[in-house]
Amino acid sequence: MSTIVSMTGITRRFGAVTALDQVDLQVEAGKIHALVGENGAGKTTLMRILYGGLDADAGVIEVEGQSRHFRNSAEAIASGIGMVSQHYSIIPELTCLQNLMLGAEPGLWIAERDAEARATELATRMGFEFSWRAPAGSLSPAGAQKLEILKLLWRQARIMILDEPTAMLSPADGDALFVSLKQLAAEGDTIILVTHRLPEVLQHCSHVTVLRGGRNVAHAAIGEHETPDAAQLAAWIVGHEVPEVQIEAVAPGKPVLEIRSLRVRGDRGEEAVKGISLRLHEGEVVGLAGVDGNGQRELFQALIGVGTVLEGSVLLDGRDVTRDGPVERLRQGVRLIPEDRHEEGVVEDWSLELNAALGLQRLEPLRSGLWVDVGERRALAGAIAERFRTKHGGLGLPMRSLSGGNQQRFVAARALALKPRVILAFQPTRGLDIEGTLAVYAALRETCRREGVCAIVVSFDLDELLEQCDRVVAINGGALFEPKPGEERDRAAIGRLMVGAA
Amino acid sequence: MGSFDLILLLKTAPGLSLALLLAAMGGLTSERSGIINIALEGKMLISCCVTALMSVAFGPWIGLLGGIGAAVVLAMLHAVLTQMYRVDHIVSGMAINIIAFGASNFLDKKFTDINRTGEIPQLPFEFYYVAAFALPLVLWLYLRRTKGGLRLWAVGNDPDKARQMGVDPVKVRYLALLATGVFCGLAGAWLVTNAGRFVDGMTAGRGFIALAALILGGWRPIPAALACIAFGLLDSIQLQLQGSKLLGAGIPSQFWNSLPYLATLIALAGLLGRNRAPAGLGKP
Amino acid sequence: MNWKLAILIVAALGVVIGALIAIGVAPSDAFLQILKGSVGTPGAIGRTLRETTPLLILGVAVFLGLRGGLFNIGVEGQFLIGACVAASLGLKVPGILGVLLAIVGGAIAGALWAFPAGWIKAYRGGHEVISTIMLNNIAFHLTTGLVAGPLKAPGQQSTTTATLTDSTKLPMLYSAPPLTINIALIFALALVAALALWLKRTVAGYELNAVGANPKAAQFAGVDVRKVTVWTMLASGAIGGLAGSCQVLAYEHRFYEGFSPGYGFDALGVALLAGSSPWGVVPAAGLFGILSTGSSFISAALQIPKGLNGVLIGLIIIVFAAFRYRRSRSNG
């Protein structure tokens, strides 16, 4: 087999951080090649360099034996390389056909009929079906993923980079995707699959390259005699054996938060949460496992007082708070670690000190009457930064001077401050390394135990929840599923609940 | 005068719509590419002034080219500021209006030849009529049926995703603003041709009315053009009512002048249907 | 300083200097005459301070809006409406009561005039710049119509109201003609101080800043973003109307067609130049006041059309806006 893509000695620095250090990647033609690693291992950075979206500081890229240096995506596309990034590049306001053509139009004048015929031909080849004149905004996640693949074929890409293609898909749609990808590989196309889902790698790929901390760790063929197993891959990815966390059992205290048959409307008018009931007790950390987009967001919105509750109620310490707005909820002790800290959790232009009060600004002792207590705010900021050892150069510096992980530490610590009652954490460890992840969960548990507080943690990583939470429940299609007695720690059983296969 | 003359109304309305049509189409290319354009007024005004000065000196064609050139210079300044210097679209647009107002006053006061204050040489009116009424149709086809139109639409909706697809948003926006300059230049040249001479601030808010028409028309060429024609009609009704003894003559002209703005305000309040602004309007 | 910015500054200077040379005026001469005409004599200083007052108050109005994430381009209209209401109230009720009534009435009128823009932004998603542009034009036509009709002083040829009686005027703080300073200037400075304190030290000021800096984060922090948006616009409009009241009560003593020479638009420049602190409004308004008074002077003294001042102000805004962007980015 011939090598079609060869990257050698690729190095890339962002300021003082070396994101990629002398990384090599050899990909054979007509294969599905997996690129795996933790968040922040450098997978996406490496792929963006290959696709011309980013410059390497050092290293050589060869495509089909020729040395290449792509200054932008257009040049990469011209050489037959295409990429589907994790966040789709589909523009919802354009039609499916317009999205397909954009950037690779058939000519200055667009004959829609001819273009549509060609598009249909491509789709039929892959076994897809599209109504081409419909706005792309109406596509399901799986439909959007299919359109992204057709966009690559339209551009006659022979080397396709797919970044976490199954992250937003149901298991059935994911399986269907791999059928298509195998068909493409059989036709001679090359696929580079960026993923962190090991079963995908072992089942569907023929080679795997593992990155850790911006360096090559391993390269292996799959399906031959030296095939690594999942444990071996996991060890390569993580670097050392993952310590089994021993959570001390907790005797459930009295109930704090009680959700009764809650139904919530989503942004698009659909019923996103369909009758969820759940009771949380003092000292308890409950994990909410589920694939992204199954009602987690809407449930949290209802709990912080900004969602549209259709029916049901939320009780806090026995009191009905369903109709209370966000200000009252904050006063009652509801705290949120939001999903997207840049957009939702901090004001990046503000100093750490100002950010410390964000969300707590109306609470004593930060407030006295109409006035801000500046001394208290400074003291709180210091305490928050101290808690998870946030690395910073001074409380007066803007938040944007902190790295992503340190911002996340800051936001998490803030949610634990000023006597919370319920902590709602949406992917609280996103962007954190393992050490940071462990610290956040430990602090969460410790706060819950010590102050008699409860917490709900949403994560798309079931393993993390099973290791770190007292109890795990699954959410699927807006409904909640509690594992059967005896299966509370059964990964497979909860996994089935998550995808509605139980 | 004295009675309501429908024929006269239909004769004057197209002339009053012309500048609005041209400027609104200039606004369309700009805003479709994602650049908020409150500087149509200034681009028109500078063209009025330069067209007048250069027509007197070099004849009507050179005058027209000069006017267009001046508007294009301001449009390119707008492009450079928003794309290269990342200045806010509104701030740069406002600054361009201030500059255009000042510069046209300065040029007019200092360079108008006092010995030749008569009518400036004119191009035939038909030239402007054809240009203004064909333009919305041409743009409609361009947006629906061409590569450039698709890219313009895409960049205005989401510049980042368009870039991922190999479209260069900056290039698209420079071209869009170039078109804005040309169309606003034409609009200004028509105004000064129609009026016969340059007067300080002679655009009198037409750039903002054109923007209003663009919004009322949902950022689409044909509806925006219809809104321009409606505003032109309104203007001509108001001119007729002045000095006539008919019903409505007691209403001050200021009321009629406010109507386009009021209609747009109501449209913005969503009382005339959904807001259809390009999704990426104002994004860097 | 980087090369891009350097090019911009050189180009801007080149335009102004080139224009001066083209009409046969030595740039250094023009510069000295601007200074002489604005701060060179007691009378000139008085005129500059008078010109600075509305810029200061309107600058505060725009600045407050910007802090809350609103581009209140409508201060021009709020200024006109406030002035028109203040003049008619002051004419109806003379004396100190009339002064109070005119101040409050002007502020309320300005706030009401700004309200649609705030409401449309908060609840309809319509851009406040577009709606305030529309409101500006309506305000212009409305006040012109009023002063040409019902408010017109009997027996007057020009479209103007009657003049306020002496008891309905704001007094001079310092009067040694030709240098006079009206109490309105002190009032404007007090407004700056109050705003600075309010923004930095109150919970409401904190929340307004949060909405302006990151509305989504503010929402998650329990701030009612829509309500804050509407209130910010109302407050900004009230200050805009107040500027109109002060202009009538302190300096003009009547309302007439063409009342504002574009103070509202200059005030946008003032607020942008002010940077991130309300105190920045003071030197910025002073600079614009100097340029405006000075350019009036040189248009007579050196036959330089007043339009050059507009070009200069536009270029200053551009250079400063480009500079501010670079600075905020270099933090990251």
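No value in this document is a laboratory result; all are computed from the given coordinates. Because the structure is predicted, anything quoted here is derived from the model rather than measured. For neighbour counting, all protein chains shown are included, and Cβ atoms are generated from backbone atoms with ideal geometry for every residue, glycine included.
Our summary gives chain B a relative contact order of 38 percent, counting only alpha carbon pairs under 8 angstrom and 6 or more residues apart. When DSSP beta bridges are restricted to pairs lying wholly in the protein assembly as shown, around 60% turn out antiparallel. Taking the three principal axes of the alpha carbon atoms in chain A, the coordinate ranges are 68, 50, 47 Å, sorted in descending order. Entry note, the protein assembly as shown: the mean residue ellipticity at 222 nm calculated from DSSP H runs of n ≥ 4, each adding -39500 (n - 2.57), is -17500 deg cm²/dmol after division by the residues and rounding to the nearest 500.
Look at the dipole of chain A built from charges on Cβ: of A:Ser140, A:Leu122, A:Gly65, the Cα furthest out on the positive end belongs to A:Ser140. Phi angles across region A:287-302 convert, under the Karplus curve 6.51 cos²θ - 1.76 cosθ + 1.60 with θ = phi - 60°, into 3J(HN,Hα) values of x, 10, 8, x, 6, 4, x, 9, x, 4, 4, 5, 4, 5, 4, 5 Hz, Gly and Pro given as x. The dipole here belongs to region C:56-289: it is taken about the Cα centre, uses +1 on the Cβ of Lys and Arg and -1 on the Cβ of Asp and Glu, and is about 420 debye. Indicate the gyration tensor shape class of chain C (rounded, prolate or oblate), computed on the Cα atoms with a ≥ b ≥ c the square roots of the eigenvalues: a/c under 1.5 is rounded; otherwise a/b larger than b/c is prolate and the rest oblate. Cα axes put chain C in the oblate bin. Give the shape of region C:204-332 as rounded, prolate or oblate, defined through the alpha-carbon gyration tensor: a ≥ b ≥ c are the square roots of its eigenvalues, a/c under 1.5 means rounded, and otherwise the shape is prolate if a/b is larger than b/c and oblate if not. Taking the square roots of the gyration eigenvalues as a ≥ b ≥ c, region C:204-332 is oblate. The alpha carbon centroids of region A:430-451 and region A:177-196 are separated by 38 Å. The modelled label-to-label distance between B:Phe58 and A:Glu270, using points 7 Å beyond Cα along the C-beta direction, is 6.2 nm. Legend: residue pairs A:Lys43/B:Lys283; A:Lys43/A:Lys146; A:Lys31/A:Lys182; A:Lys146/A:Lys182; A:Lys151/B:Lys283; A:Lys146/B:Lys171, Cα-Cα distance threshold 19 Å; pairs beyond threshold, A:Lys43/B:Lys283; A:Lys43/A:Lys146; A:Lys151/B:Lys283; A:Lys146/B:Lys171.
Taking the DSSP beta bridges with both ends in chain A, the antiparallel portion is around 55 percent. Taking other C-beta atoms within 10 angstrom as a stand-in for reagent exposure, A:Val36, C:Val192 fall in the order C:Val192, A:Val36, fewest first.
Listed by chain and number, the lysines whose C-alpha is less than 18 Å from the C-alpha of A:Lys419, apart from same-chain residues fewer than 8 away, are A:Lys254.
If we count other beta carbons within 10 Å of each Cβ, what is the order of B:Thr51, A:Thr227, fewest first?
Working: B:Thr51 32, A:Thr227 13.
If I rank by nearby Cβ atoms, fewest first, I get A:Thr227, B:Thr51.
Treating only the Cβ atoms of Lys and Arg (+1) and Asp and Glu (-1) as charged, compute the dipole magnitude of chain B about its Cα centre; round to the nearest 20 debye.
Numbers: 22 positive and 13 negative charges, 164 e Å.
Once rounded to the nearest 20, the dipole reads 780 debye.
Name the longest site-free stretch of chain A, where the excluded sites are GluC sites (Glu not before Pro) in a DSSP loop with no more than 13 other beta-carbon atoms within 10 Å. If you can, show how the numbers build up before the last one.
Numbers: sites that count: A:Glu129, A:Glu187, A:Glu224, A:Glu226, A:Glu241, A:Glu244, A:Glu248, A:Glu270.
In chain A, the maximal stretch lacking such sites is A:271-502.
Inter-chain Cβ neighbour count for A:336-347, averaged per residue, equals 4 (cutoff 10 Å, partner chain atoms only).
Using DSSP to call loops (not H, G, I, E or B), can you name the trypsin sites (Lys or Arg not before Pro) in region A:103-173 whose Cβ has at most 12 other Cβ atoms within 10 angstrom?
On the way: sites: A:Arg113, A:Arg118, A:Arg125, A:Arg133, A:Lys146, A:Lys151, A:Arg155, A:Arg158; in loops: A:Arg133, A:Arg155, A:Arg158.
Answer in residue order: A:Arg133.
Once the C-beta distance of B:Phe111 and B:Leu8 is scaled by a Förster radius of 25 Å, the resulting FRET efficiency is 0.10 to the nearest 0.05. Within the straight-line cut-off of under 14 Å between alpha carbons, the aspartates and glutamates reachable from C:Lys227 are C:Glu207, sequence neighbours fewer than 8 places apart in one chain being disregarded. For the protein assembly as shown, the spread of Cα coordinates along the three principal axes comes to 102, 67, 60 Å, biggest extent given first.
Counting only other chains, and only Cβ atoms inside 10 Å, what mean value do you get across the residues of B:148-155? Mind showing how you got there, number by number?
Details: counts 4, 2, 9, 4, 0, 5, 8, 2.
Other-chain Cβ atoms within 10 Å of each residue's Cβ, averaged: 4.
Taking 27 Å as the straight-line reach from the Cα of C:Lys169, the lysines in range (excluding those fewer than 8 positions away in the same chain) are C:Lys92, C:Lys152. Dipole size of chain A about its Cα centre, with +1 on Lys/Arg Cβ and -1 on Asp/Glu Cβ: approximately 1140 debye, rounded to the nearest 20. Distance between the pseudo-spin-label points of A:Glu224 and A:Gln203 (7 Å out from Cα toward the beta carbon): 2.4 nm. Only one residue of B:Leu211, A:Pro106, C:Ile23 has its Cα farthest out toward the positive end of the dipole of the protein assembly as shown, where Lys and Arg carry +1 and Asp and Glu -1 on Cβ, and that residue is C:Ile23. Across region C:32-45, rounded Karplus estimates of 3J(HN,Hα) from the backbone phi angles (6.51 cos²θ - 1.76 cosθ + 1.60, θ = phi - 60°) give 5, 5, 4, 5, 5, x, 10, 10, x, 9, x, x, 5, 4 Hz, Gly and Pro being marked x.
Partner chain Cβ atoms within 10 Å, averaged over the residues of C:208-219 - can you pull that number for me? Mind showing how you got there, number by number?
Numbers: counts 0, 4, 8, 0, 2, 7, 10, 1, 7, 14, 5, 4.
Per-residue shielding by partner chains comes out at 5.
Of all trypsin sites (Lys or Arg not before Pro) in region A:453-500, which ones are in loop regions per DSSP and have a Cβ with at most 13 other Cβ atoms within 10 Å? Please report the intermediate quantities before stating the final value.
Numbers: sites: A:Arg471, A:Arg489, A:Arg491, A:Arg496; in loops: A:Arg489.
Answer in residue order: A:Arg489.
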